[in-house]
Amino acid sequence: MEAPSLNHVVKIVERKSIIISGIKRVIDFDEKEFNLESNMGNIIVKGNNLEMIKLDTIDGSVSIKGSIDSINYMDQKKNGDSIMNKLFK
């Protein structure tokens, strides 16, 4: 069986729904925030009344509806780049 292509695409429709592909896993979520791990780094989707509509683990996509306020990419830190590692050098 061929592994699915994890192309990363974000589609927001009128700030009422968002579809994101290239998702490896859903880390955490509630009605105000979704924390997702993608092949482009972690993603935080913030808003109100957020609800997961579809999670496709085979294709690596997630669909969320609600009032979308923001989407942020969190850069993955390399070993040694964290504040704690810098403090204790």
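Highest-first packing order for the peptide set 60-68, 44-52 is 60-68, 44-52, based on the mean count of other beta carbon atoms within 10 Å. Potential lengthening of the chain between Y73 and R15 amounts to 19.1 nm, from the contour at 0.36 nm per residue minus the alpha-carbon distance.
Every number in this text was worked out from the coordinates using simple rules, so none of it is lab data. Nothing here was measured: the structure is a model prediction, and the numbers come from that model. Cβ sites come from the backbone with ideal geometry, for glycine too, and all protein chains shown count toward neighbours.
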